[in-house]
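Following: one structure in structure tokens, then a few remarks.
The values are calculated or read from the model by the stated rules, or taken from the named source; none is laboratory data. Quick caveat, the model's predicted, so the values are computed rather than measured. A quick note on method: Cβ atoms are made from the backbone with ideal geometry, for glycine too, and the neighbour counts reach across all protein chains shown.
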């Protein structure tokens, strides 16, 4: 009997969570940028970053030299931190770009309809 009541509460709680997430999704909410560290040693850190559609990546200053490897085709908006100029960039799967330590990493927003992935390779 007590076990049945506990299972009912668990079912109600899980249902409420699913309904909340579903409602937020319908209102345009998306999960934040996801980062997974794939390798981290004294010389390099490699992160897989997933950019969700419409979710901005916040501005930051690059802590290290970086190589970015695009794993998926992408189209994103770049907002220059100084001038606020908006430019659209497209990258193909396999494209590589380089960024220097201390460089401004501006706000980016995925303009596509599905997430895209990139590897951020930070040289220590």
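Would you pick out the residues in the stretch 82-110 that are more than 23 Å from residue 48 (Cβ to Cβ) and either in a loop (DSSP other than H, G, I, E, B) or modelled with pLDDT under 95 (or both)?
82, 83, 84, 85, 102
Scanning for something without any contact (Cβ under 8 Å) to a residue 12 or more places away in the chain and surrounded by 11 or more Cβ atoms within 10 Å (Cβ to Cβ), does the stretch 85-92 turn up at least one residue?
To start, the set of residues in the stretch 85-92 that are without any contact (Cβ under 8 Å) to a residue 12 or more places away in the chain comprises 85-87.
Narrowing the set further to residues that are surrounded by 11 or more Cβ atoms within 10 Å (Cβ to Cβ) leaves 86.
There is at least one residue in the stretch 85-92 that is without any contact (Cβ under 8 Å) to a residue 12 or more places away in the chain and surrounded by 11 or more Cβ atoms within 10 Å (Cβ to Cβ).
Could you please give the count of residues in the stretch 33-81 that are surrounded by 12 or more Cβ atoms within 10 Å (Cβ to Cβ) and not in a strand (DSSP E or B)?
The total comes to 13.
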